[in-house]
1. For Ser427, only one of the following conditions fails: (1) of a type in the set (Ser, Thr, Tyr); (2) without any contact (Cβ under 8 Å) to a residue 24 or more places away in the chain; (3) open to solvent by less than 20 Å² (accessible area, probe 1.4 Å). What is its number?
2. Going by what's in this entry, would Ala327 be described as open to solvent by less than 50 Å² (accessible area, probe 1.4 Å) and in a helix (DSSP H, G or I)?
3. Filtering the range 430-458 down to residues that are under 12 Å from Val477 (Cα atoms) and part of a strand (DSSP E or B), which residue is most open to solvent (accessible area, probe 1.4 Å)?
4. Within the range 201-221, which residues are modelled with pLDDT of 80 or more and open to solvent by 70 Å² or more (accessible area, probe 1.4 Å)?
5. Looking at Pro198, Pro176 in this structure, which one is open to solvent by 70 Å² or more (accessible area, probe 1.4 Å) and modelled with pLDDT under 75?
6. So which helices (runs of 4 or more DSSP H) are wholly in the range 33-138 and hold at least 1 residues that are open to solvent by less than 60 Å² (accessible area, probe 1.4 Å) and among the hydroxyl-bearing types (Ser, Thr, Tyr)?
7. Within the set of pairs 6+ apart or on separate chains, which have a first residue in the range 340-363 that is within 16 Å of Arg385 (Cβ to Cβ) and part of a helix (DSSP H, G or I), a second that is open to solvent by less than 80 Å² (accessible area, probe 1.4 Å) and modelled with pLDDT under 75, and C-beta atoms under 8 Å apart?
8. Consider Ile141 carefully, then state whether it is modelled with pLDDT under 85, farther than 22 Å from Leu72 by Cβ and open to solvent by 10 Å² or more (accessible area, probe 1.4 Å).
Amino acid sequence: MSPVRRPFFRRPQETSEDARLPWRGVGTDVALAACGVVLDVLVTWGSWGGPSAPVWIAAAFSLLAGLPLGLLRRHPAAAALHLAVLLVVCDQLGASTANTAQLLLPIAVGVLARSRDLRWTAPIAVLASAATAVNLADPGIAFTRNTWFYSVGLIAVPVLIGRYLRAQEGRRREDPAPLLDLLLAAGGVAFSVLGTWPYWDSGSPPVWAVGLVVVLAGLALGVVRHLPGGVLLLESVVLVVADQYVPRTGNSLQLLALIALGVFATRASWSWVAAAYALTCSVTAIVIVDDASDVTLFRAAALMTMVTAPVAIGRYVGSRQAAARQAADLAAERTRADQLAERERIAREVHDIVAHHVGAMVLRASAAQYAGAGGPAAKALADIRDTGHRVLEDLRGLLAVLRDPGREELTLADPDDVMRDAVARMSAAGLPVDLRLDGDPARAPLVVRASAARIVQEGLTNVLKHAGPGARTEITVGMEERELTVEVRNGPGAAGPAAALPSHGQGIAGMRERARALGGRLTAGPAEDGGWRLAAALPIPGPVPGDPPPADPECRWPGRTA
């Protein structure tokens, strides 16, 4: 079975939404057609009404040149083929519409390369190159190598851009800036070459030197978003040099300087914009004014108005960009406020749920004590009641943190008391624990010592869970240079299974996250004697309290006198 071939003038594949809205995009097509007609009228207006171009013939050619743009989105192949044929016909008739067709033909071929595959783009591109060569060559003169070079280049550049855009379809581009820079550079080169190439041999420099400078001026637009001031200076220098050695190229390159001025005006201060405006007015006057006697007040005002236009557009765009950034910042602040409100809501729910159950546990323990429980049961009930009270206090502190994450000072329990309390409770549960403090850990900041105490608590809980009562445990907390170190080491568990305590499997991970939040590190693994070793190192930011004061007498710690 032969493969199904794609029709030459096939309508682009429609989505389900396009199928439901058959008139979608018609307004864009009409606007494109109208723009094409207006463009040809502007280009050919000077030749209307002559003996060789009556008004009705000129209007008909304007419609033939502009209306195909309405087919550009849906039928780019038909539009490109029509413009190629129209270009050859107008060139042979000597109609000014050939200039419009030559401008629109590369655009149509680029759109074709963007929306169709290469087997349909290639033949249309070859026909467009041939039509461009017919238009560029003078009547009765054979095609030269330069003519073929430009005719192929004018079509090849939009084809390459279209193929590049087609290759990017379906890919998520986080930053479209490189593509925009590429399009600006390609557009600058295409405009500068199209507007100046007939005059490259009209001056004293060699043609290749003129072409190199023209291409450089066009490529500079690729970095105009990043270095608008540098590009404006470069374009100004190119304009002055071009007016001196190849005068007829300056008018075409003037637009590049105006674009650079507009981009510069979007981000510079008014003083710099005024300086750039004065520079551009001076360079434009050098390029446009040939004789000092031609300078009049009206012409000076027209020149200044022409240079003012990109400045006004640039300032307007800059204000819109600033408004967009402000709106984005406001949206971010609103999002943050919503997140904080959600954090507070979650904190209240956590507090209400946990506090309810813990409070019920404390009340039941108190009731059992009141009922007259004695012996070990009374001690256990007292421990449950005290632990429940501490849990409720921790919940209140957590609620305060979640409601106000920016709080720098928190009311925390004394870390040494927390560690000693944890050791005492584990010892009461049958776990022999030795606690050793080396190097005066009390000199460490409170938040670091509090994290170390929580790590000790969780480490002892893990020992009791996994090794069981009877596993001798050694805890060492000490200062080493700029770090507070914690080591929890236990030997092999006693004979028999460990206590079946509940476990959520996040003990080590939680301790590691706690250490990482302070910029520290935590390791855990089997020890040499068959037990388990947990080690953490928490860095100490800033000067350690108790260290010698710095040499600068103006650097003092809060709370210390000079």
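1. (3)
2. On the way: open to solvent by less than 50 Å² (accessible area, probe 1.4 Å): no; in a helix (DSSP H, G or I): yes.
Criteria not met by Ala327.
3. Going through the qualifying residues, I end up with Arg436.
4. Leu216, Leu219
5. Values: Pro198 fails: open to solvent by 70 Å² or more (accessible area, probe 1.4 Å).
On inspection, the qualifying residue turns out to be Pro176.
6. Values: elements: 55-66, 76-93, 97-115, 118-136.
Once the helices (runs of 4 or more DSSP H) in the range 33-138 are filtered for at least 1 residues that are open to solvent by less than 60 Å² (accessible area, probe 1.4 Å) and among the hydroxyl-bearing types (Ser, Thr, Tyr), what remains is 55-66, 97-115, 118-136.
7. Every condition considered, the pairs that remain are Ala355/Leu392; Ala355/Leu395; Val358/Val391; Val358/Leu392; Val358/Leu395; Gly359/Leu392; Val362/Leu392.
8. Answer is yes for this residue.
The values are calculated or read from the model by the stated rules, or taken from the named source; none is laboratory data. Quick caveat: nothing in here was measured; it's all calculated off a predicted structure. With ideal geometry, Cβ positions are generated from the backbone for all residues, glycine too; neighbour counts draw on all protein chains shown. For the accessible areas, the whole protein counts, side chains as well, though only heavy atoms, and no ligand, DNA or RNA atoms are used. Shrake-Rupley method; radii C 1.70, N 1.55, O 1.52, S 1.80 Å.
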